[in-house]
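Data first, discussion second: the structure below is written as structure tokens.
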Amino acid sequence: MAISTGGDGGETPMSDINTTPLVDVMLVLLIIFLIAVPVAIQTIEKLEIPIMESIESKDKVENLLITVTTTDAEGRTAGPIRSGFSGATRDGACRIYLNNTTPVDSTELYDQAFERLDAIVQRAGGPEAIMEDPDQIPQVHIRGDVNAPWRCVAGAIYNVQAAGYPTIGFISNPVDPNG
């Protein structure tokens, strides 16, 4: 700590920080990065991203498939036919389909998922029997529309977890990077 000596006779400690070494270090790092980054970028000629082959899953018949979509403010649903769908909005209603066929609301989703899981557990011989072979426990696969707000997907997740399904996964449509 430096002590300043002034003409007033009072010696007080100086509380200023010397920033010169900090600025010197920052300038050196800046120069290093200005030189190193272009060299690193030029050495990477072509980056090859591995393309993973998609293998068809061998799903159990008992697995539950849920599709989540939404409507726009006027109640129109997105689809392959031009329906005038203007995009998902907060005013749009959630649309949930069980096994891609049956539209359900949140109460029906819970009830039907619970009944389906209960029937599978009873057919296996009860909870103890199904826990001995965890591969028998069905899973839920959720396919969410790109326009579906998260509240719709989260509501579906909540209802199937409340119904007793322990494993929930998401299904996506991979995009071919080669076009």
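The values are calculated or read from the model by the stated rules, or taken from the named source; none is laboratory data. Quantities reported herein were computed from a predicted structural model and do not represent experimental measurements. Neighbour counts run over all protein chains shown; Cβ positions are idealised from the backbone, glycine included. Just so you know, the surface numbers come from the protein's heavy atoms only, side chains and all, with ligands and any DNA or RNA stripped out. Shrake-Rupley method; radii C 1.70, N 1.55, O 1.52, S 1.80 Å.
Looking only at segment 99-115, count how many residues are open to solvent by 70 Å² or more (accessible area, probe 1.4 Å) and either in a helix (DSSP H, G or I) or in contact (Cβ under 8 Å) with a residue 60 or more places away in the chain (or both).
Of the residues in that region, 6 qualify.
Being of a type outside the set (Gly, Ala, Ser), under 22 Å from the mean Cα position of the chain (by Cα) and in a helix (DSSP H, G or I): is that true of residue 161 here? Here the answer is yes, as residue 161 does meet what is asked.
May I ask you to verify whether residue 16 is at pLDDT 65 or above, open to solvent by 100 Å² or more (accessible area, probe 1.4 Å) and over 30 Å from residue 159 (Cα atoms)? For residue 16, the condition - at pLDDT 65 or above, open to solvent by 100 Å² or more (accessible area, probe 1.4 Å) and over 30 Å from residue 159 (Cα atoms) - is met. When we screen 143, 123, 151 for residues that are among the basic types (Lys, Arg), over 27 Å from the mean Cα position of the chain (by Cα) and open to solvent by 50 Å² or more (accessible area, probe 1.4 Å), the only hit is 123.
Residue-by-condition table, conditions (1) outside any loop (DSSP other than H, G, I, E, B); (2) modelled with pLDDT under 85; (3) surrounded by 12 or more Cβ atoms within 10 Å (Cβ to Cβ); (4) out of contact with any Asp or Glu (no Cβ under 6 Å at 6 or more places or on another chain):
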site	(1), (2), (3), (4)
34	yes, no, no, yes
47	no, yes, no, yes
50	no, yes, no, yes
75	no, yes, no, yes
82	no, yes, no, yes
85	no, yes, yes, no
92	no, yes, yes, no
96	yes, no, yes, yes
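The set of residues in segment 129-140 that are assigned to a loop (DSSP other than H, G, I, E, B), at pLDDT 85 or above and either open to solvent by 60 Å² or more (accessible area, probe 1.4 Å) or hydroxyl-bearing (Ser, Thr, Tyr) (or both) contains only 139. Scoring residue 169 on the criteria (1) outside any strand (DSSP E or B); (2) open to solvent by 20 Å² or more (accessible area, probe 1.4 Å) leaves a single failure, condition (1). Only residues that are touching a helix residue (DSSP H, G or I) at 6+ places or on another chain (Cβ under 8 Å) and over 30 Å from residue 76 (Cβ atoms) were counted in segment 134-161, giving 3.
How many residues are in contact (Cβ under 8 Å) with a residue 60 or more places away in the chain and part of a loop (DSSP other than H, G, I, E, B) when one looks only at segment 141-158?
Of the residues in that region, 4 qualify.
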